[in-house]
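The values are calculated or read from the model by the stated rules, or taken from the named source; none is laboratory data. As the structure is a prediction and not an experimental result, all values here were calculated from the model. Positions of Cβ are backbone-derived with ideal geometry, glycine not excepted, and every protein chain shown enters the neighbour counts. Just so you know, the surface numbers come from the protein's heavy atoms only, side chains and all, with ligands and any DNA or RNA stripped out. Shrake-Rupley method; radii C 1.70, N 1.55, O 1.52, S 1.80 Å.
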Amino acid sequence: MLIRSLSVRQRSEVTTLRKPREFGCYSRTDKDEIFVNDARNLSYFYFTDNELAKTQSLDLSAGRREFQDRSETISDPCSMKGLLDTIRVAEEKVNKRLGADIITFRGIIRKLISYGVEESRFTDPINLQVLVFDGQIFIKDINQNSDLAKKNEVQSNYGIDLGSFSGYKFETLTTIPKPFSEVSRETIEERPKQIVSNGNEYASVVQTGIGSSKIILGAEVDAIFDFKPTPEENEDNLAHYIELKCTKVIQSQRDCLNFEKKLFRTWLQCFLVGIPRITYGFRNELYQLKTIEEYQTVEIPQLVNPSMKEQFNDAIKWYGCFIDWLLQTLPRDSKDTEMLAYKLTNGEQSLRLEQIDPTSDEYTHIINNPDFINAEFKKWRLSLKR
């Protein structure tokens, strides 16, 4: 049953943003193990000009056949378990619920903003599940690893397209597993031969928001740029994180325009959770890394073509608009044990919110999905009300 739709032409004048603040993190292994407030999967950026100069280029396609894909070992890459476990641990310390209207991932919010402000051919389709529980809205993406996709991967003999692989390879070439002082020279020099994987994940959990709304976001982090502050230093880790991206060398005006579109998306990713640095690797048509460039997130709106600059302000206005729409549309005063389920999809230049029939199998599957709101989190929240 369709409840309401929101036209992508609508905007809000609300542009006041809450400064992102990290209150927790977690590591998720390629075996789907979750370790809360544990940085075992956090990487450290290390790449010098000499490493590229002495080889002229590095092959970003090497080792593609050996790529280890987490879809083979993790049942649902979109699982909210790590995020909710981190929230629960933080709440247990103070014995009360964290204040938040919406709990989801940075990638979901990025996708929703992009849908409202980018040209349609560059945007991802919206197909999200929404649960209202304990006065808060939880939003989850749907696992897209279909049997057909897996069949096609096997037939390709690689399991991943070259563009995606080169991004993971770039991360492998430019990061080390521990601070420089704790890593052997052999580990650093052997990176070009290291098997590439996307299984191990480190995620930051951040409180932020726009206008009067409060939002908790989980966000995968590529690496630390310099050092990770100790708890005693009482410093925000966000200031030390870096986003790593890879794209082709800019050789024409068209390449430049396409890169600016990518740069907008990357800015959005980092801006939402307060990551200050972005490093891009540029590769040629043979997927050889030729150069790298660093950008400051805050400076990106001033670097693009003047015709694109308004898109950055427009993104914030649309962000405020759909968050307000969601909060005003969904009832959040249900009984403690009651869960309301919805689908959030895209229509013709609009977002569509549809309630799922509580008597349907779809509803039962969503509310009982351990990768959405798991039983341990439900039990904890209900214990706070006794």
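Points worth noting:
- Residue check: residue 276 meets all listed conditions (1) open to solvent by less than 10 Å² (accessible area, probe 1.4 Å); (2) under 21 Å from residue 111 (Cα atoms); (3) not hydrophobic (A, V, I, L, M, F, W, C) but one, namely (1).
- When segment 339-386 is filtered for residues that are free of Cβ contacts under 8 Å to residues at least 60 places away in the same chain and of a type in the set (D, E, K, R), the ones remaining, listed by number, are 348, 361, 362, 379, 385, 386.
- Residues of segment 20-49 classified as open to solvent by 70 Å² or more (accessible area, probe 1.4 Å), among the charged types (D, E, K, R) and more than 29 Å from residue 292 (Cβ to Cβ), total: 3
- Filtered residues of segment 172-191 (kept if β-branched (Val, Ile, Thr), in contact (Cβ under 8 Å) with a residue 40 or more places away in the chain and either in a helix (DSSP H, G or I) or loosely packed, with under 13 Cβ neighbours inside 10 Å (or both)): 174, 188
- Residue within segment 362-371 that is under 28 Å from residue 272 (Cα atoms), touching a helix residue (DSSP H, G or I) at 6+ places or on another chain (Cβ under 9 Å) and crowded, with 18+ Cβ neighbours inside 10 Å present: no
- Hey, residue 52 of a type outside the set (Lys, Arg), open to solvent by 50 Å² or more (accessible area, probe 1.4 Å) and in contact (Cβ under 8 Å) with a residue 24 or more places away in the chain or not: no
- Any hit, segment 347-359, residues being open to solvent by less than 30 Å² (accessible area, probe 1.4 Å) and under 29 Å from residue 96 (Cα atoms): no
- Cβ-Cβ distances below 8 Å connect the following pairs, each with a first residue in segment 118-137 that is in contact (Cβ under 8 Å) with a residue 12 or more places away in the chain and aliphatic (A, V, I, L, M), a second residue that is open to solvent by less than 20 Å² (accessible area, probe 1.4 Å) and assigned to a loop (DSSP other than H, G, I, E, B), and a separation of six or more residues or different chains: 130/330; 131/339; 131/372; 131/373; 132/330; 132/339; 137/330.
- The single condition from (1) at pLDDT 95 or above; (2) open to solvent by less than 40 Å² (accessible area, probe 1.4 Å); (3) more than 24 Å from residue 80 (Cβ to Cβ) that residue 299 fails is (2).
- Of the candidates 65, 88, 106, the single residue that is at pLDDT 95 or above, more than 24 Å from residue 11 (Cβ to Cβ) and among the basic types (Lys, Arg) is 88.
- Residue satisfying all of: in segment 1-35; more than 26 Å from residue 76 (Cβ to Cβ) and hydroxyl-bearing (Ser, Thr, Tyr); modelled with the lowest pLDDT among these: 15
- Applying the criterion of at least 3 residues that are without any contact (Cβ under 8 Å) to a residue 40 or more places away in the chain to the strands (runs of 3 or more DSSP E) found wholly in segment 192-296 leaves 241-248, 277-283, 288-296.
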